[in-house]
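Dropping the structure in here first, questions after.
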Amino acid sequence: YAVSDFIGWLMARSLWKVLIIFFLSFVVIIGFFGLLLFVDPSGISTPTNKEANSLDCCWLSLQTFTTIGYGGLSPQKKWAHFIVSADAFVGQLYVAVLTTVFLAHLMTPHPHWKVSDVICVHQDSKGRLVIEARFLIAPGKSYFDVECSMQADLNDTPSGQDVSSGTI
């Protein structure tokens, strides 16, 4: 349930907040894998054959995570291959979740019910009390008129209070 709960939590947020969350997680993940690669920078092959610096490690992490892979930097040692593979796997999951949440936000209908300022109660020709209201869905698009009828019976109680009962 952890993944569906997380996606549900994201769906409860507005789209711009979700995009900020994904951008911040993108930066953190790139930095994390860049830091792992920087633990032993000699495990990365650079075009100049020098030891990789921290920016080189983050750049390799970014290229791998986003599946760009320009080829200028590459892992040289087995542990660096493992880290780069894990980076690529997390990148694929990241894109899948981002796409799912983004498309779900775009495809989820958001109701825009607004009650008009006209709600009236009147008695019809059969003596029933009628409540009429107009609801607006997706402002400016369509109107729905709703009418409810109710009947109220007033009864005298032993204490002298009136009690109303009705059905809608």
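Part of a helix (DSSP H, G or I), touching a strand residue (DSSP E or B) at 6+ places or on another chain (Cβ under 8 Å) and open to solvent by less than 80 Å² (accessible area, probe 1.4 Å) - does that describe any residue in segment 46-58?
yes
Do we have G31 as of a type in the set (G, A, S), assigned to a helix (DSSP H, G or I) and under 29 Å from A80 (Cβ atoms) here?
The answer is yes for G31.
Test Q76 against the criterion of being polar (S, T, N, Q), at pLDDT 90 or above and buried (at least 17 other Cβ atoms within 10 Å of the Cβ), and give yes or no.
So Q76 does not fit the description; no.
Of the residues S25, S42, which is open to solvent by less than 60 Å² (accessible area, probe 1.4 Å), outside any loop (DSSP other than H, G, I, E, B), touching an Asp or Glu at 6+ places or on another chain (Cβ under 9 Å) and polar (S, T, N, Q)?
S42
The values are calculated or read from the model by the stated rules, or taken from the named source; none is laboratory data. Note that the structure is a prediction, hence the values are computed from the model and not measured. Quick reminder, even Gly has a Cβ in these numbers, built from the backbone with ideal geometry, and neighbours come from all protein chains shown. Keep in mind that these areas ignore ligands, DNA and RNA; they rest on the heavy atoms of the full protein, side chains included. Shrake-Rupley method; radii C 1.70, N 1.55, O 1.52, S 1.80 Å.
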